[in-house]
Each structure stands twice: as C-alpha cells, then as structure tokens.
Amino acid sequence: MRVYKNLAWFFKAYYKHYILGVIMLLLVALLQLVPPQVIGRTIDFINTDTLTVNILIGLVVLLIAVALLMYLFRYLWRLLIFATANRLGLELRSQLFKKYVSMSPSFYQKHRTGDLMAHATNDINAVNMVAGAGILTIADSIISGGAVLITMAVTVDAKLTLIAMIPLPFMVILTSYYGLMLHKLFRVAQAAFSSLNDKTQESIAGIKVTKTFGYEKEDLEDFTDLSAEVVRKNLSVAKIDALFNPTITAIIGISYFLSIFFGAKMVISDEITIGQLVTFTTYLGMMVWPLLALGMFFNILQRGNASYDRIIKILNSKDSIKVTHEISSVPEGDIEFKIDTFRFDDSDTVTLRDVHFTVSPGDTVGIVGQTGSGKSTLIRLLLREYDPNKLEEVTYGGQPLSHFDVQTIRKKFGLVPQENFLFSTTIRDNIAFTNPGAPMEEIIEAAKNSYIHHDIERFQYGYDTVVGQRGVSLSGGQKQRISIARALIMDPDVLILDDSLSAVDAETEKAILNNLEKLRSGKTNIITAHRMSAVMDADKIIVMSNGTVLEMGTHDELMENKCWYYDTYKTQSLIQSLEHDLEVITDEEASDHD
C-alpha cells in the first residue's frame, strides 16, 4: 500500500471523484445481488407450483430495471475513476518533463536518454493503473465480495457461508507471496526495457555512423540480444503473473465443492430449499470476480510500487547547480575568470588551472587552443552548466554567478555551441526559436548576417523547408550558420560562438565575421576557435593549453611573442595559401579542357 501513501497528494486533490466513483461501484454491487434472488424465488415458485403470469412479468420487469441501472452506474464509475486516473498520468509526465528541462548537463551524464523515456512511458502507465484499475479492483473486491458474503449469510445460511469461505485464507497467503516476487521481478524487467529503449534511441540517432562503417549486422545482433533479454525478464514477470488466476480459480473450485456437498445435505434435511441452494451457488459464482480482482490488485500494486520508486528517484534528484544568494537584478559589467583550479565533480583530474582574465562590456574576446585545452569548459562555467569549485572564481559585475538565478544568467547569453542542434521543424521556426514572435523580415536579416540566406532561397520550400531530425537534411556548415542566425535574432548582450565556424570555408567565415563586426559593434562577443583567422581581429585573444592560459594579448602582440599562436597562425596561413593555389590550378585545367 506504500504507493497509495506516496500518491496521497493526488487522491487528496481528487477525493470527490473517487468517493462518487466508489458510491457508483457500491450501487452496482447492491443491484447485482438482485438477479440471484429473483432466480431462487422463481425456482421456488415453480417448485411449489405458485408461479403466475403477473409474478413472472413483475420479476422480468425488475430484472430489466436492474440491468438498466447497472449500465448507468457502471458508465459513471468508469468515467469518474478512469478519467481521474488519467489526470495522474498527465501530472506525473508534466512533473518529469519539468524536471528534465530544469536539470544541468551533469544529470544527463548519469542518466541515459532511453531510461528517461521509459520513466515517462512504461513507468507512468504502471502508476496510472494504480490510480485507475487499482482503485477499481480493491474497491470492487471489498464492496462486491463483502455484499455477496453478507447476503449469502443473511438470506441463505451463515453456516454454509462459513464452510464455503474456508479456502480463502490460503488464497490471501499465496497472492501476497506472488505479489512480493512480482515487485522484484518487475523492477528488473523495467530496467531491461530502459536499456532496450536507450539502445533503440542511440541506434537511430547514430544510423549514419553505423552505415558508414558497415556495422548494421553487429548493431542488429546487439539489439536482438537486448530484446531477447527484455523478453526473458518479462517472461519471469508473466510466469508469476500467470499464477494468480489459476490459484484463485482452484480455491473457488474448492469452495464450490464444499458448498454443493454440504448444501445438498442441508436441502435433504430441509434446512434450506433447493431455490436457496441455487441462489447460494449463484452468489458463490459472483465471488469469482472479487477474488480475481483482489489478485489483480496485488499485481497492479506491486508493478505500481516498482515504477513509482523509479519515478520518485528521478523527481528527487538534486541539481548540481544552486543559487546561493539570489539577486533579482540582471547582471551588468565585467565578466571575470579567476580560476585557480577546477575539476568536474566525478573526476580527480584538474581540468583548468591558473585561468585569470577579464571580459569587459563591448569587448570581442577570442579563445584558441588545441582540442581538450579547456576552451569549452570555460564557456560551460560561464553558462552555469557547471559551477566552479569556489564561488568567487567566475563573476559577473563583481558578483559570483551563483548569486544570480540560472535562467536570468542564461538570458544574457546567445550561444552557438560546437554541436549544432536543429529541431525537426522548418528553417523559419529553427531561426525564430529564441524569438518566436519575430517577423519574417528579422528572420531573413538574421539569415543574411549568418550568410545562410542564399542557401535557403535555393531550397524548394525556402524558409518553410523542414530540416528533419537534428537537421539531417542539411550540411554541417548550413546547420552552423542557421544556429548562428538563431542566436543573432535573440540580440543577446553576450554572443558566444563556441567553435561554431569550423564547418564553413575560410571565405564564408570571413564574410560572417565581417557581418558580426558591424552588427555587434559595442556588444560583447566571445569566440572560441581552432582557426586563428576567426579571432585575429578580437580585442583580446586567450591562448589555452592543457587547461591553463599559455598566452594573452592582441593578434599583433601574440605575433611578436613568436610562441604557439605565432607558429599556428603561420602554419594555417600557409595551408590556406596552398589550398587557394590548388583551387586556381584546378580551375585553369578545367578551363583548358573545355
């Protein structure tokens, strides 16, 4: 019953619906006691040769009236109980989704996507059954079973009723044992389903890589193995589940035997009439459903317990990002990095050390370095995807970022991440994502500034082109430029390009940067890049290496230092020059051939 205690908040909110639903169940239970009495009386009338046409018509009318009333009340309890239970599913899904979107990236490193999806589907459906079918089965088994037992004892014979109920304690013991086993096995089965869900999501998302390496056969084998494991786990659940009905049916069979054996003796000794025995056995048949319902209840209860435990574990997860002293005002002023050392919570390795620099309002700051040098980690700390080990190590306007609400901080920034994510909708909607009410003129202007407008015009449906899942129908460079347009239409105080020009050629990169220089004049910009050409015009360039600042200065100052930046810039310039010469030669050869 633990799950009902945990769901008390829901039942408290909708107790009127459930009370009315149970009242309808009670009325149905009382009405269904009438037909066996009618049958028994009819048999006695026939046996005593006292049945008349008027009596028969009266009995038939009574049965029809009872049937119509039962139809009405059954409709009402289904509406009241099942419709209300669906609201629980809605509420839990809303709570889960709210939890998902509010959690920091570290949460998603610990929980797989398929597992989170399983919580929002199978687990919620199992809990939903507790509030719907669970309430029905326990209420109906108690009300119907109790009403039938009382009627059997009062209208037929109390002694015969006690005899018929002798096997019932064995049923309670067995179904309780089955329920405990079911709880354990169902949790294991749900975990297996989560793994399968995660594998399916991962395989579909990575289908291009799978096909590129010809890994389809192995991927299918992995999926088949996981599917077989899910089947095995669910078969274990089904084997226990399958024990409920035969156990209850066997016990009912024993009750029938005892009832007929001792009932026949009582008829012979004139303790009860033949009509009363027929009524009694009819009532005993009506006990089948309450007992089956009780077995179903234990089944539903244990599944719901296991699933709700999994859901609660997610809902009780604590976010690693916290507000220490909430400041309602929007941050203004310098952004300062004063990081002595930083390591991720789940790592003993120092990721950043001795990183000290300031980003003043209106500055364009470039951050360069090799892969793994710590560029993106700085951006994540600035966006509060992670918190520094000491609160004062990253400040905005002199205040630690943790003093501000996370959403307030992030509204200051427009981010174009390394991994560009586009939604499965139109290009227009993807660009306007950060400003849904933006007019078409602004969308087109943002596309022009990100140098994607002409590409979009060449598509058959233009801005109404649906890009597919994660922008699958677009090239890497096109996705990057649409992501830049999405950030520009937001007109953020601080624009962050996190290596978001890597998939475009040098000429397109230069055109985009020129547009940004005009559009973002006087506004703060942070650009991380591998190509030095992307940051050479920045007010300040930070060179990162192995998590620390290797060099800092303007392009000219760093060129004079003749260190890593100088060597890398010269190497990249030489490669770019050679590529340009090769293109020219190729074009000339093609022209001569024509």
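The values are calculated or read from the model by the stated rules, or taken from the named source; none is laboratory data. Source: prediction; values computed, not measured. Cβ: placed from backbone, ideal geometry, glycine included. Neighbour counts: every protein chain shown.
Under the condition of being surrounded by fewer than 19 Cβ atoms within 10 Å (Cβ to Cβ), in contact (Cβ under 8 Å) with a residue 12 or more places away in the chain and within 19 Å of the chain's Cα centre (by Cα), the residues counted in the stretch 273-317 number 4. Among the residues making up the stretch 434-486, those that are in contact (Cβ under 8 Å) with a residue 12 or more places away in the chain, among the charged types (D, E, K, R) and over 26 Å from ARG520 (Cβ atoms) are ASP464, ARG470. Looking at the structure I just gave you, is ILE251 out of contact with any His (no Cβ under 9 Å at 6 or more places or on another chain) and within 30 Å of GLN276 (Cα to Cα)? Judged against the criteria, ILE251 is a match. The condition (being modelled with pLDDT of 85 or more, under 27 Å from GLY372 (Cβ atoms) and either touching a strand residue (DSSP E or B) at 6+ places or on another chain (Cβ under 9 Å) or not assigned by TED's automatic domain parsing to the domain that holds THR377 (or both)) is satisfied by just one residue among LEU501, LEU497, LEU488: LEU497. Among the residues making up the stretch 70-100, those that are more than 20 Å from MET129 (Cα to Cα), more than 13 Å from the chain's Cα centre (by Cα) and surrounded by 15 or more Cβ atoms within 10 Å (Cβ to Cβ) are MET70, PHE73. Applying the criterion of being of a type in the set (Phe, Trp, Tyr) and in contact with a Gly (Cβ under 9 Å, 6 or more places away or on another chain) to the residues of the stretch 223-272, the residue that is farthest from ILE207 (Cα to Cα) is TYR256. Any residue in the stretch 209-225 that is touching a residue at least 60 places away in the same chain (Cβ under 8 Å) and over 26 Å from the mean Cα position of the chain (by Cα)? There is no residue in the stretch 209-225 that is touching a residue at least 60 places away in the same chain (Cβ under 8 Å) and over 26 Å from the mean Cα position of the chain (by Cα). Entry remark, the stretch 534-561: residues being of a type in the set (Gly, Ala, Ser) and surrounded by fewer than 17 Cβ atoms within 10 Å (Cβ to Cβ) number 2 in total.
Quick check on the stretch 101-112. Is at least one of its residues part of a helix (DSSP H, G or I), free of Cβ contacts under 8 Å to residues at least 60 places away in the same chain and buried (at least 16 other Cβ atoms within 10 Å of the Cβ)? No - not one qualifying residue is present in the stretch 101-112. Of all residues in the stretch 344-361, those being aliphatic (A, V, I, L, M) and surrounded by fewer than 18 Cβ atoms within 10 Å (Cβ to Cβ) number 1. Residues that are closer than 18 Å to VAL416 by Cβ and surrounded by fewer than 22 Cβ atoms within 10 Å (Cβ to Cβ) occur in the stretch 455-464; there is at least one.
Within the stretch 346-359, the set of residues being over 11 Å from ASN525 (Cβ atoms) and in contact (Cβ under 8 Å) with a residue 40 or more places away in the chain comprises ASP346, VAL350, THR351, LEU352, ARG353, ASP354, VAL355, HIS356, PHE357.
Tell me, yes or no, whether the stretch 343-350 has at least one residue that is outside any loop (DSSP other than H, G, I, E, B) and of a type outside the set (Lys, Arg).
Taking every residue of the stretch 343-350 in turn, none turns out to be outside any loop (DSSP other than H, G, I, E, B) and of a type outside the set (Lys, Arg).
Matching residues to (1) out of contact with any helix residue (DSSP H, G or I) (no Cβ under 6 Å at 6 or more places or on another chain); (2) under 20 Å from GLU517 (Cα atoms):
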{"residue": "PRO436", "(1), (2)": "yes, no"}
{"residue": "GLU442", "(1), (2)": "yes, yes"}
{"residue": "ILE452", "(1), (2)": "no, yes"}
{"residue": "VAL466", "(1), (2)": "yes, no"}
{"residue": "SER473", "(1), (2)": "yes, no"}
{"residue": "ARG486", "(1), (2)": "no, yes"}
{"residue": "MET490", "(1), (2)": "no, yes"}
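Scanning the stretch 504-529 for residues that are closer than 21 Å to SER577 by Cβ and surrounded by fewer than 17 Cβ atoms within 10 Å (Cβ to Cβ), we see that the one that is nearest to the chain's Cα centre (by Cα) is ASP505.
Exactly one residue out of THR377, THR364 is modelled with pLDDT of 85 or more and either under 19 Å from SER104 (Cβ atoms) or surrounded by fewer than 22 Cβ atoms within 10 Å (Cβ to Cβ) (or both): that is THR377. Entry remark, the stretch 414-443: residues being hydrophobic (A, V, I, L, M, F, W, C) and over 27 Å from the mean Cα position of the chain (by Cα) number 3 in total.
Annotation note: of ILE166, ILE135, ILE143, the sole residue that is among the hydrophobic types (A, V, I, L, M, F, W, C), touching a Phe, Trp or Tyr at 6+ places or on another chain (Cβ under 7 Å), touching a residue at least 40 places away in the same chain (Cβ under 8 Å) and assigned by TED's automatic domain parsing to the domain that holds MET266 is ILE135. If you go through the stretch 10-50 and pick out every residue that is touching a Ser or Thr at 6+ places or on another chain (Cβ under 7 Å) and in a helix (DSSP H, G or I), you end up with 8. Identification of helices (runs of 4 or more DSSP H) wholly contained in the stretch 381-477 with 2 or more residues that are farther than 30 Å from THR358 by Cα yields 427-431, 440-449, 453-458.
Test ARG87 against the criterion of being among the basic types (Lys, Arg), part of a helix (DSSP H, G or I), at pLDDT 85 or above and within 30 Å of ASP387 (Cβ to Cβ), and give yes or no. It is false that ARG87 is among the basic types (Lys, Arg), part of a helix (DSSP H, G or I), at pLDDT 85 or above and within 30 Å of ASP387 (Cβ to Cβ).
Does ASP405 meet the test of being under 20 Å from MET103 (Cα atoms) and either outside the structural domain of THR528 (by TED's automatic domain parsing) or surrounded by fewer than 16 Cβ atoms within 10 Å (Cβ to Cβ) (or both)? Here the answer is yes, as ASP405 does meet what is asked. Return yes or no: is LYS211 part of a helix (DSSP H, G or I), exposed (fewer than 14 other Cβ atoms within 10 Å of the Cβ) and not acidic (Asp, Glu)? Considered against the rule, which asks whether it is part of a helix (DSSP H, G or I), exposed (fewer than 14 other Cβ atoms within 10 Å of the Cβ) and not acidic (Asp, Glu), LYS211 comes out as yes. All conditions in (1) touching a helix residue (DSSP H, G or I) at 6+ places or on another chain (Cβ under 9 Å); (2) more than 30 Å from ASN122 (Cα to Cα) hold for SER307, with the sole exception of (2).
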